[in-house]
1. Taking ALA225, is it surrounded by 19 or more Cβ atoms within 10 Å (Cβ to Cβ), assigned to a helix (DSSP H, G or I), touching a residue at least 12 places away in the same chain (Cβ under 8 Å) and within 24 Å of the chain's Cα centre (by Cα)?
2. Condition check: over 12 Å from ILE214 (Cβ atoms), touching a strand residue (DSSP E or B) at 6+ places or on another chain (Cβ under 9 Å) and among the small types (Gly, Ala, Ser). Does GLY174 satisfy that?
3. Yes or no: segment 189-201 includes at least one residue that is assigned to a loop (DSSP other than H, G, I, E, B) and buried (at least 21 other Cβ atoms within 10 Å of the Cβ).
4. Within segment 346-353, is even one residue more than 22 Å from PRO70 (Cα to Cα) and under 16 Å from the mean Cα position of the chain (by Cα)?
5. Out of all the residues in segment 47-66, is one or more part of a strand (DSSP E or B), within 16 Å of the ligand (Cβ to nearest atom) and at pLDDT below 90?
6. Considering only segment 200-218, how many residues are under 12 Å from LEU171 (Cβ atoms) and within 16 Å of the ligand (Cβ to nearest atom)?
7. For segment 320-374, which positions are assigned to a strand (DSSP E or B) and away from the ligand (no atom under 16 Å from the Cβ)?
8. Restricting to segment 226-256, name every residue that is closer than 21 Å to TYR275 by Cβ and either among the aliphatic types (A, V, I, L, M) or in contact with a strand residue (DSSP E or B) (Cβ under 6 Å, 6 or more places away or on another chain) (or both).
Amino acid sequence: MRVLPFSSVSTSPDINILLGIANLEAVPLDGELREPFVIASDSSKQTAVDNVLVRLTSVDGYVGLGEASPFPGISGDSQALLLKDIKRFRKRIIGRSLTLFDLENQTRQAMKFSASRAALEMAFFDILAKRAGIPLGRLLSRQTFSELPITDITIPIVTPEKARVLAQKYLELGLYRIKIKVGKDVEESVARVKAIVEVYGTKRIDDHYLEILIDANEGYSAEGAIELLKRLSDEGIYPKIFEQPVQRKNLTGLRQVKLKANQQNTRVFADESVYTKMDAAHIIDGDAADGINLKLMKHGGILEAIRIAEMARRYGLQLMIGGMVETTLAMTASLHLAKALGGLEWFDLDTPLLLHQRLLTGGMGYVGAQLILPQNPGIGVSAI
Ligand SMILES: [Mg+2]
């Protein structure tokens, strides 16, 4: 097992400092998506990015950036609610001095949404790493890992014809790990997965055949999810991962799907089921999943994500790092976290590829499926 960074975070002299806060601003961070993003739990099509950019200024002149990304169908928030949540918090910290851990306590008391807490903490971390003159990942852990993270790319709920077009595009881009959104209708889901499998056929990218992950975003009953696995196996299709097949509170159902899926070497991952450390403990106690999808927006930031990651590791669960529909800012912060944790099995940091235009400068890069982490101090992203 890797040595994990929470103790290094909580004792680091570069992290445990009092920061005087001079200003906090929150503005809309809007952009268009190349394709509407449709998943099982959200009845509306998401066609745009309606995020929030947070700009935190310290009294010694550093500016830290953070991003909050709402997902109304999953988290019950929205851009307007997040803006309100953050703006209400302004009075509480401007003119004050506080540590990262004070900030976490205060945002937990005063903010309603985990995504707004994540944005504030991200901006605070950005300042700490800039002050230390090192990239965020290095601030979180001084260990160096040589692994090359490979991201998946998501194909949302679309027709088989559209899925074929997208798969062809991703094949040409050198992406071989595809996360396919499924849910509700088994036959329709099977048709979409089949269409993608047909495009890749036996083609290989860097010695890899197509790898399939499916994500139902709570869209099935346990029976429906097991039926989907059976129908796919009838077609000779065995997903590596089945993410959140059932409703988030249905841990009995999740475990039923896991037992069945494990017989064919498919791992079941909890996503919407795990917002907090307590949620992760329930998954572990109930032996309900093989892994957890970490997301800064769900956990309310990097500190809680690290705590959840450490707990999951201790009990042998795998980890995925993912996000909502985020720009390079939150995704790069997540990649820094993943680098600090080391040895993550799955990377789902693809949403900047789904955006029509770049909304910020700098940040992570993509070479085919490989993720490149910026080496400049802080998160490495600037506003345009
Ligand atoms: Mg998911």
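1. So ALA225 passes the test.
2. Taking the combined requirement at face value, the residue satisfies it.
3. no
4. There is at least one residue in segment 346-353 that is more than 22 Å from PRO70 (Cα to Cα) and under 16 Å from the mean Cα position of the chain (by Cα).
5. Checking segment 47-66: not a single residue is part of a strand (DSSP E or B), within 16 Å of the ligand (Cβ to nearest atom) and at pLDDT below 90.
6. Looking only at that region, the number is 0.
7. LEU355, LEU360, THR361, GLY362, GLY365, TYR366, VAL367, GLN370, LEU371, ILE372
8. Selection gives ILE241, PHE242, GLU243, PRO245, VAL246, LEU251, GLY253, LEU254.
The values are calculated or read from the model by the stated rules, or taken from the named source; none is laboratory data. Since the model is a prediction, treat every value here as computed from it, not as a measurement. Note: ideal-geometry Cβ built from the backbone for every residue, glycine included; neighbour counts use all protein chains shown.
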